[in-house]
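The values are calculated or read from the model by the stated rules, or taken from the named source; none is laboratory data. All values reported here derive from a predicted model rather than from experimental measurement. So basically every Cβ, Gly included, is an ideal-geometry build from the backbone, and we count neighbours across all protein chains shown. Note: areas computed on protein heavy atoms with side chains; ligands, DNA, RNA excluded. Shrake-Rupley method; radii C 1.70, N 1.55, O 1.52, S 1.80 Å.
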Amino acid sequence: MSINPQGDWLADLETIAKPSAKTGIKLDRRGFIQATLSAAGGLLVTATIGTGARRAEAAGVGEIGLFVRIESDGTTVIGARSPEIGQGVNTSLPMIIAEEMDADWASVKVEQLPFGIVSTEAEPGLTWKYGPQGAGGSTNIPDAWSDLRQVGAKVRQLLRQAAAQHWNTDLDRLSTEGGVVRHADGRRISYAALAGIAATLPWPEEAVALKSAKDYRLIGTAQGQVALREIVTGQAGFGIDARIPGALVAVVARCPYFDGELESFDATEAKKIPGVREVLVLPGPKHGQPITENLATGVAVLANDSWAAIKGRRALKIRWKPGPYGHESSESLDQQCRELLKGEGIRCRDDGDFDAARRSAAQTIEGNYRVPYVSHCPMEPQNACVHVQPDRVLIIAPMQSPSGASRVANQITGVDRFNIEVRMTRVGGGFGRRLTNDFVAEAVHLSKLSGKPIRLLWTREDDLRHDFYRPFGHHQLIATLDGRGALTGWAHRLASASKYYRRPNLKPEDMWTPEIYPDDFPAQLLANVRMEWFAVDSGMTRGSWRAPAHTANAFAVQSFVDELAVAADRDPVDFRLAILGQGQEYSYSGHGGPTFDSGRLAGVLRLAAARIGWGRKMPKGRGLGIAAHFTFGGYAAHAMEVSVAEDGSYRIERCVCAVDVGRPINRSGLEAQMIGGTIDGISTARNLEIHIAGGQVVESNFDTYPLLQMADAPEVEVEIVDSDKDPSGAGEMGIPTAAPALTNAIFAASGVRVRSLPIGPTVA
Amino acid sequence: MIKLVVNGQPREFDGDSSMPLLWYLRDHAHLTGTKFGCGIAQCGACTVHVDGSAVRSCTLPMAALEGKQITTIEGLAGERLHAVQQAWIEEDVPQCGYCQAGQIMAAVDLLKRDPDPGDEAINTLTNLCRCGTYPRIRKAIKRAAQLARAEGEQ
């Protein structure tokens, strides 16, 4: 249904599959490639990864496939293919390989792999070398589950084959455990001793047998993330720490108006600052055109160091011309939403007959909710080190979509994609911001224009004012109840600024698809369900913000269900369980499908309720709130106990998060993601909004965009469902229900229903 | 010419004295463990110690540092990790890790002032973490206090 159902970065897989006319293709037949047409007609390309083993004699150590190298001292080096943005994939993905190869985790060292593409003989000519490399849509774990287990199992197979050769014995007499092969007669030999032989053996083309889950030693345990020591000693290399010799630091003054233009500038004073080397005009997108490179036109100061570049930018005198959105404000957008919702929108779902349900209803309830624009603001501001040369490009940057960086560099420079080297650094937070590579595009442009390597630096102000913001929207929810208080009809009408704004190759009729997920709760659980979308015209650039529309929609839906329970005089947990009904699987066409299991959602709801002590009699000024939601294949519920004081200030006394993401891989990482998602959800719900005035973003730094601090961060009690289902990811499931659980608890404590976010420090 | 000591090493700086310490450390002393987060002393990612106390280096000009002793995250550990670093590892605190150098430097400073901090004392820390590691930071600070006491008793 949705055109980019798996999140934005996977769209770049299709871009990989569409080399530009400028791209020359070299054939490389080492990789065995399968290309198939998906049902939607999109080209899905999967490489059978792990092929193309480099030979031991060349490397001097045992390189077994593309992911594993066993050194003579016994260290097992495992390659991590995806960007580490704090979601823990540099630990969890290697754990999956280590489990299947029976490595000793204590001897494993993890190395970040570079971005890799290989040529294919078949159209479209290139594909992933290491399998998908990106961070978005909580897809890393499910992807790894489907391919990296085989990688580990094949390495183990080759090590057993090597031992069979070594001892001149039968393969079936050999087993493995913790980095050694054991012979049935009791002999043992280390992987390190076998790696040289194993590296010369042909990579198995056919799938090999995987471990039975009962034999797991590593999967399901709690492991600290592999970079802990580097992080706590200041040695971990983030993008902002990367250096290319001779690079100039670039700081850019960008047009503050949406789609505005550069009228004139005077760099005389800037050039007087010691260390400032050059001032360049950075071209930007034209009004109405898709944004495929950088976000805004600007004036760039190139200098010897960061401080000179920052001072140089301060000294620029620039006149900007407001564009067509020069009058846009937060108030004008609110007004636009109210007007839109009076009309008729696009029907995204229309089951049964909602109008008839409304005519025969005993009660009709309506609730209107507002969700603001918010910024990603990862702690590490955008940056990129880029060196463009006539026949090659080097990119070192914190990215969520390295394939997109490669594509944009090819687009700007025309350099063959096989001559564009993309190195992934550790990433100081993603949250969806770095799915786009606008900052990489800026550095590529500036390196191309100046002929020098560039180290681009964004300040916090740049980051807050030039983002792909989480869409803003007004939600109107209408429900019908019968005489017994049972839900009979549901309408969700949403006016929002689609996150697909200015995406290339998008049809206007598809703009709703990232805003309403038509199979979400309570679809299929009720006979009469209508979902309707209205396009808000706004100049703000928009994009994917951790758990995209789920954060907005779960707030509206789970708040409204609470209102319905009150109207029906039912307990909020019982009311939800009644809607979920008998646990069963329903089809789910959106990302996270193909099925949604109402029983698993009911399961986390019950678990959260039990842990918080649902149903307790609460003292005056205290209340319990709950919410549950299905996000990208995972099920989560929050239950909170909140106190509200006489002056309207409120405090989270307890916070429970129950999660079912299938089989847990790294328990410590999973718990961390749930804690982090919860805090992110609370922080955003409580304090955060990006306002617009005069066609510009109002907020500029943490003084006006106040992230939650320690004093307001509750302990998060995480309940993990021990499931044996295939794992989903966990990066996004912890957010959507945090806000409605909090506001539902505020209602229970105070009778105040919060319908507009952010809540602010007090409730009226 | 400004003379200062960074992680025990005497250094001299004859550049722009309005340059904040942060940029001196990152661009000139090649100590990139100290991070840039906001530039207005709000987030604490740039926290270092000047003469033993935590300061936010992004707004502190070099002109104010003549004769000062600077300690950055790279200079915190001796032969062994500092108790706070050890506790951070044991509690698996970081997610993205970007703010953590500043968090650790702020926690070390807190423990100097209050060797057994309760929740109220920990709540005075205002370093920002976008990933939401606060609950584990809280645990790690308490664990570090225990580790430091155990070390002291040895």
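Before moving on, here are some points about what is shown:
- Between A:Thr704 and A:Gln582, the simple spin-label model (points 7 angstrom out along Cα→Cβ) gives 5.7 nm.
- Cross-link partners for A:Lys214 among the lysines, with Cα-Cα distance under 20 Å and sequence neighbours closer than 8 places in the same chain left out: A:Lys154, A:Lys725.
- When Rg and the Kirkwood Rh are both derived from Cα coordinates, the Rg/Rh ratio for chain A amounts to 0.98.
- Largest-first principal axis extents, alpha carbons of the stretch A:671-748, Å: 53, 30, 23
- FRET E, pair A:Ile346, A:Gln289, Förster distance 25 Å, beta-carbon r, rounded to 0.05: 0.55
- Of all accessible heavy-atom area on the protein assembly as shown, the percent that carbon and sulfur account for (1.4 Å): 48 percent
- Compactness of chain B, taken as the C-alpha radius of gyration over 2.2 N^0.38 Å, stands at 1.03.
- Normalised by the number of residues in chain A, the mean separation of alpha-carbon contacts (under 8 Å, six or more apart) gives a relative contact order of 14 percent.
- The distance from the alpha carbon centre of the stretch B:67-108 to that of the stretch B:12-43 is 18 Å, rounded to a whole number.
- Separation in nanometres of the label points that stand 7 Å from Cα toward Cβ, at A:Ser332 and A:Ser360: 4.7 nm
- Amide hydrogen neighbours beyond the local backbone of A:Ala362, cut-off 5 Å, H modeled: A:Leu481, A:Asp482, A:Gly483
- Karplus-derived HN-Hα couplings along the stretch A:193-200 (A = 6.51, B = -1.76, C = 1.60, θ = phi - 60°), whole Hz, x at Gly and Pro: 6, 9, 4, x, 5, 4, 5, 8
- Excluding ligands, DNA and RNA, the accessible surface per residue across the stretch B:82-154 is 36 Å² with a 1.4 Å probe.
- The residue list B:Ala64, B:Thr47, B:His30 was ranked by how far each Cα lies along the charge dipole of the stretch B:2-75 toward its positive end, using unit charges on Cβ atoms, and B:Thr47 comes out on top.
- At 0.890 mPa s and 25 °C, Stokes diffusion of the stretch A:327-399 via Kirkwood alpha-carbon radius, µm² per second: 132 µm²/s
- Residue-normalised accessible area of the stretch A:448-591, given per residue in Å² at a 1.4 Å probe: 29 Å²
- Under a model in which nothing but the beta-carbon of Lys, Arg (+1) and Asp, Glu (-1) is charged, the protein assembly as shown shows a dipole of about 940 debye around its Cα centre.
- Given charges at beta-carbon only (K, R positive; D, E negative), |dipole| of the stretch A:626-764 in Debye: 280 debye
- Computed from phi, the 3J(HN,Hα) profile of the stretch A:498-507 under the Karplus parametrisation 6.51, -1.76, 1.60 (θ = phi - 60°) reads 4, 6, 7, 3, 6, 6, x, 6, 10, 8 Hz, with x in place of Gly and Pro.
- Dipole of the protein assembly as shown computed with +1 at Lys/Arg Cβ and -1 at Asp/Glu Cβ about the Cα centre; of A:His492, A:Gly583, B:Ala101, farthest Cα towards the positive end is B:Ala101.
- For the stretch B:83-151, a simple Cβ point-charge model (Lys and Arg +1, Asp and Glu -1, everything else neutral) yields a dipole of about 100 debye relative to the Cα centre.
- When the accessible areas of A alone and B alone are added and the area of the pair subtracted, with a 1.4 Å probe, the result is around 4500 Å², both sides summed.
- Shape class for the stretch A:266-382, computed from the alpha carbon gyration tensor (a ≥ b ≥ c): prolate, with a/c not under 1.5 and a/b above b/c.
- Backbone phi angles across the stretch A:392-400, fed through the Karplus curve with coefficients 6.51, -1.76 and 1.60 (θ = phi - 60°), yield HN-Hα couplings of 7, 9, 10, 10, 10, 7, x, 9, 9 Hz in residue order; Gly and Pro are listed as x.
- Linear extension gain, A:Ile244 paired with A:Glu646, 0.36 nm per residue minus alpha-carbon span: 139.0 nm
- In a DSSP loop and with at most 13 other Cβ atoms within 10 Å, the trypsin sites (Lys or Arg not before Pro) in the stretch B:65-143 are B:Arg80.
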